[in-house]
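Working notes for the structure below.
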């Protein structure tokens, strides 16, 4: 099984199961013999459709999606009960737990499916190919109408999420929030040791696999490509990509070194482009077999993306640009049912970005003389708290409430939502 092709097939499989369950699930790649109960799909007609593409073998994902959809529908029809069992069957949805894709006699990929990664691991270990059974509530029409409120605790339950820069700061807060709300979170960070320690802590506390650490340099395409390849093989796809990784190096336009300006722009602006590029590729493949399922790309921006920042032009400029990217990507990607939005938090005064005793912004701004008359870090903090009508800095919980709103909101894309305690307001 070639790695590029497997990463294309996985989201197609996950998508068909999401479509069947109308709920998130995990589709994990595996090797070995095909179990008796697997749905086997021959994708031969999908090859040699496009002589040159990223898989190098003429594979056409659109044709493959059509073949998988047709095979799944045929399997459902063949196994449909009749007579007295038919009425009861309307309340129980049965979904194959194993799907095998082939090209003639060549095995292209074997995928185990279940609602979460621990259930999938158990199936793989026991070669359990029994159906996944989903009992319908009888109130499906009410929920589908959108008039019945979704429980906030279920907004991200069982969804697969990715948080870049997730090992510390706002990123850590977001990871903790998503994991505690039932999501499976990939903690992607250049600080892989910190990501691994955080994942270990979360999994131990929750008693399940809720977090997976993965290395990532958001400024390198090969690093992002490897990450999304891992996600595809491990879970089959992605529901929520949070581009959070960011840096801030303050400095006067008259004095800041070009290298510092470029570094800030690379991480905050180019990094968002790279994350959106690879996330949307994966999500768009999943969309081919689950066209009604919405996915989300969210950039953690800043209030500095909404207004200029004195002696902090590199950061503010990159964040302004990030909102422009979010709006532009939103217009393009909604064709794949991918929503793109930005969250613009106020100052996370208790996080390391501000409070680090050596490199934090309190120290930087004091040294740069950005706050007139300030003689201590405490003076700088009081100055910034005084700018907020609610008289405090932003917290991780504030940001999480906004992320949940964006994911839950079915009719909003291309927005930059301020979370600033009234310091910045929508117009």
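Each value in this text was obtained by applying a stated rule to the coordinates, not by laboratory testing. The shown structure was predicted, so the numbers you read here are calculated from the model rather than taken from an experiment. Using ideal geometry, Cβ is built from the backbone for each residue, glycine included, and neighbour counts are taken over all protein chains shown.
Descending by average beta-carbon neighbour count within 10 Å, the peptides 36-46, 223-233, 379-389, 11-21 line up as 11-21, 223-233, 36-46, 379-389, the highest first. Peptides 258-267, 182-191 ranked from most to least packed give 182-191, 258-267, packing being the mean of other C-beta atoms within 10 angstrom over each peptide's residues. Taking the C-alpha atoms only, the angle from helix 61-78 to the longest principal axis of the chain is near 50 degrees. With a ≥ b ≥ c the root eigenvalues of the C-alpha gyration tensor of segment 357-427, is it rounded (a/c under 1.5), prolate (a/b larger than b/c) or oblate? Cα axes put segment 357-427 in the prolate bin. For the pair segment 183-216 / segment 222-254, the C-alpha centres are spaced 15 Å from each other.
Considering only DSSP beta bridges with both partners in the chain, what is the antiparallel share in %, to the nearest 5? If we restrict to bridges inside the chain, about 30 percent are antiparallel. Helix 377-386 axis versus longest C-alpha principal axis of the chain: approximately 70°, rounded to the nearest ten. The C-alpha atoms of the chain define a longest principal axis, and helix 221-235 lies at about 40 degrees to it. Which of rounded, prolate or oblate describes the chain when judged by the alpha-carbon gyration tensor and an a/c cut-off of 1.5? In terms of gyration-tensor shape, prolate. Can you tell me, using C-alpha contacts under 8 Å and at least 6 residues apart, the relative contact order of the chain as a whole percent? Dividing the mean separation by the residue count of the chain yields 15 percent. Overall size of segment 198-239 from C-alpha positions, given as principal axis extents largest first: 34, 21, 14 Å. Based on C-alpha pairs under 8 angstrom that are at least 6 apart in sequence, segment 273-383 has a relative contact order of 24 percent.
Alpha carbon centre of segment 336-402 versus segment 306-322: separation in Å? When both Cα centres are located, 14 Å separates them. Sort segment 216-306 into rounded, prolate or oblate with this rule: let a ≥ b ≥ c be the square roots of the eigenvalues of the Cα gyration tensor; rounded if a/c is under 1.5, and if a/c is not under 1.5, prolate when a/b is larger than b/c, oblate otherwise. Judged from the Cα gyration tensor, segment 216-306 comes out prolate (a/c at least 1.5, a/b above b/c).
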